[in-house]
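Trainee: Dropping a structure here in structure tokens format, bear with me for questions.
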Amino acid sequence: MNKVSIIILSMLFCCTLSQAQETKKSELQQRAEAVDPQQNIATARSLYIHAFNDYYNRGQMRQGVECAVKAASLYYSKENYYKEAFDLLRRADEAINSAEKESQADKAAMHYLVTKERLQMYIKLRKSESAKDQLNIMENQASQANDENVKNDLLYTKAIYYYTFGMNTQGNAVFKEMADKLTASKEYDKVDEVYQTLIANGRKSNNANMVAQSYSNYLAWKDSTSALKHADEIGALKKQIADNEATIAEKDSSLSTRWFFIIGLCILAAALAAALVIGAIVLMRFILLDRKQKKVIRLANESNALKAKFISNISAQLEPTFQKLDSTKPEVKALLEFSSHIQTLSELENKDSSEIEVEDIPVPQFCESLIDQIRDKVKNDVNLTVNAPDMRAKINKEYVSHILLHLLSNAAEYTPAGGSIALDFKKRGPHSYQFLVSDTGCGIPEEKREDIFKPFLEIRDLTTGDGLGLPICKQMALKMNGDLDIDPKFTKGTRFILDLHA
């Protein structure tokens, strides 16, 4: 087999090996490739060598090795400078060995390129044994590289070696292995082209044996490939039919699903329409009922206001008469207090919360002044304490004073000697406060706690109290946007909590 057939085989099967890593070419390499070796081989060779050195200095070993291999081929292909070519390839091997960043597999792949070029030189020199040694080295390097492209290239190179030195049987075996691999990957056109090239090269070299063997192998391969192609075509058609059937089934299923979806939407629309009708009827009834309830509430509020005003007027009309009575008598005093409480309660019920004004007061001094007002009312050894931080708060002083004095007065009345009464103040938020009045008295039974803030629940002897003090305090707390209640967790007596929100 002549040099032309070797070059053709190499171009057919090895083009991807040198391009395994796509990298932008340097300017020197581009200039070298632009020179026609037929016209100026020395310039092309020199540029490739400079590109090799430049790539090596930049750590781009793969591109550098490729340039070195091309330069070496230009040394011996026309001018027979074999010594210079071998020296350049040796430098390339040394450069690969010194590359610290490259992996062992990558180094083996680059050594493979260099060794392959040596093999080409020995083949041209017709040194069979030296070429065989290089081929053995390439097998070891291909194994270390563990690259399928390198392994395929090794098969092609072996076939070239065997055919070149007349070992047709070994060449046929390697070529068959190569053809089988390409056939397995269904690259039929590529295998066909290689067989045609072998037959043509055998004819050119007048190697009748090679032509006969290649043609015989080609016919056998052609027959087996035709069956494979038919099987592939049948398989492709079956797959296409199966895909079409699957597509049709999917579309049928999708169409059925859409019909079910449309029917479901129609049912849902009908249900929604019915729901809207029912909802409209319910809404109309609710609106009518709401109007009726609002009217009833308005009439009730007007009635309550009239009742409160009526009671307040009666109390006001009775007061001048009560003033003429002897106020030293308990009955008269109780009536006067009862009349005053009724007027106060009526005024609170008719008063708007927006009319409640607040003022900024120092909390500790305010609390101490309230405690001072009940000191003469407590029993012996009753401990009076104030727990209030040094701060100011905005409150309605009139209402808060009334509530706390009433609670403290009750505490003074029901706390036995040796007990304690405490007035605490706590800030619960930026505009939220608490006053707490605690005593160690007998406490309020749990079953009566819900009723102590409700007026007129029972007929009472007014001389023992009219029961309106706490209801009045509750109304005042509500008018201040707050509340007054008993602390259910306090078990050592009674604790009232006045919540205020400024």
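The values are calculated or read from the model by the stated rules, or taken from the named source; none is laboratory data. Keep in mind it's a predicted model, so treat the numbers as computed, not measured. So basically every Cβ, Gly included, is an ideal-geometry build from the backbone, and we count neighbours across all protein chains shown. Accessible surface is based on the protein model in full, side chains and every heavy atom, while ligands, DNA and RNA are left aside. Shrake-Rupley method; radii C 1.70, N 1.55, O 1.52, S 1.80 Å.
Trainee: Pick out the one residue from I248, I311 that is at pLDDT 75 or above, out of contact with any Asp or Glu (no Cβ under 6 Å at 6 or more places or on another chain) and not small (G, A, S).
Mentor: That would be I248, the only listed residue that is at pLDDT 75 or above, out of contact with any Asp or Glu (no Cβ under 6 Å at 6 or more places or on another chain) and not small (G, A, S).
Trainee: Kindly indicate which of E79, E100, E84 is modelled with pLDDT of 90 or more and either over 25 Å from A145 (Cα atoms) or in a loop (DSSP other than H, G, I, E, B) (or both).
Mentor: Being modelled with pLDDT of 90 or more and either over 25 Å from A145 (Cα atoms) or in a loop (DSSP other than H, G, I, E, B) (or both) holds for just one of E79, E100, E84, which is E84.
Trainee: A follow-up question, please. Just one of D290, D232 is more than 30 Å from Y188 (Cβ to Cβ), modelled with pLDDT under 80 and more than 41 Å from the chain's Cα centre (by Cα); which is it?
Mentor: It is D290.
Trainee: Do we find that Q141 is more than 24 Å from L74 (Cα to Cα), in contact (Cβ under 8 Å) with a residue 24 or more places away in the chain and either touching an Asp or Glu at 6+ places or on another chain (Cβ under 8 Å) or open to solvent by less than 30 Å² (accessible area, probe 1.4 Å) (or both) in this structure?
Mentor: Answer is yes for this residue.
Trainee: Next question, about the same structure. Kindly evaluate K394 against the criterion of being open to solvent by 40 Å² or more (accessible area, probe 1.4 Å), farther than 19 Å from F496 by Cβ and not hydroxyl-bearing (S, T, Y). Quick ask: steps written out before the conclusion?
Mentor: Working: open to solvent by 40 Å² or more (accessible area, probe 1.4 Å): yes; farther than 19 Å from F496 by Cβ: yes; not hydroxyl-bearing (S, T, Y): yes.
Yes, satisfied.
Trainee: Quick one: which helices (runs of 4 or more DSSP H) lie wholly within region 133-218 and hold at least 1 residues that are modelled with pLDDT under 75, under 30 Å from Q104 (Cβ atoms) and of a type outside the set (S, T, Y)?
Mentor: Of the helices (runs of 4 or more DSSP H) lying wholly inside region 133-218, those with at least 1 residues that are modelled with pLDDT under 75, under 30 Å from Q104 (Cβ atoms) and of a type outside the set (S, T, Y) span 168-184.
Trainee: Looking at region 405-434 only, could you name the residues that are closer than 14 Å to G482 by Cα and not in a strand (DSSP E or B)?
Mentor: H431
Trainee: State whether the residues of region 171-186 include one that is more than 21 Å from K222 (Cα to Cα) and open to solvent by less than 20 Å² (accessible area, probe 1.4 Å).
Mentor: Looking for residues that are more than 21 Å from K222 (Cα to Cα) and open to solvent by less than 20 Å² (accessible area, probe 1.4 Å), one finds none in region 171-186, hence no.
Trainee: Additional query: Limited to region 410-427, what total is found for residues that are in contact (Cβ under 8 Å) with a residue 40 or more places away in the chain and either under 50 Å from the mean Cα position of the chain (by Cα) or closer than 25 Å to P389 by Cα (or both)?
Mentor: 6
Trainee: Test E357 against the stated conditions and say whether it is of a type in the set (D, E) and either in a helix (DSSP H, G or I) or in contact with an Asp or Glu (Cβ under 8 Å, 6 or more places away or on another chain) (or both).
Mentor: Taking the combined requirement at face value, the residue does not satisfy it.
Trainee: Is it the case, given these coordinates, that L89 is under 25 Å from A34 (Cα atoms) and either at pLDDT below 90 or not basic (K, R) (or both)?
Mentor: Yes, satisfied.
Trainee: Any idea which residue in region 71-127 is least open to solvent (accessible area, probe 1.4 Å), counting only those that are touching a Lys or Arg at 6+ places or on another chain (Cβ under 8 Å) and of a type in the set (F, W, Y)?
Mentor: Y76
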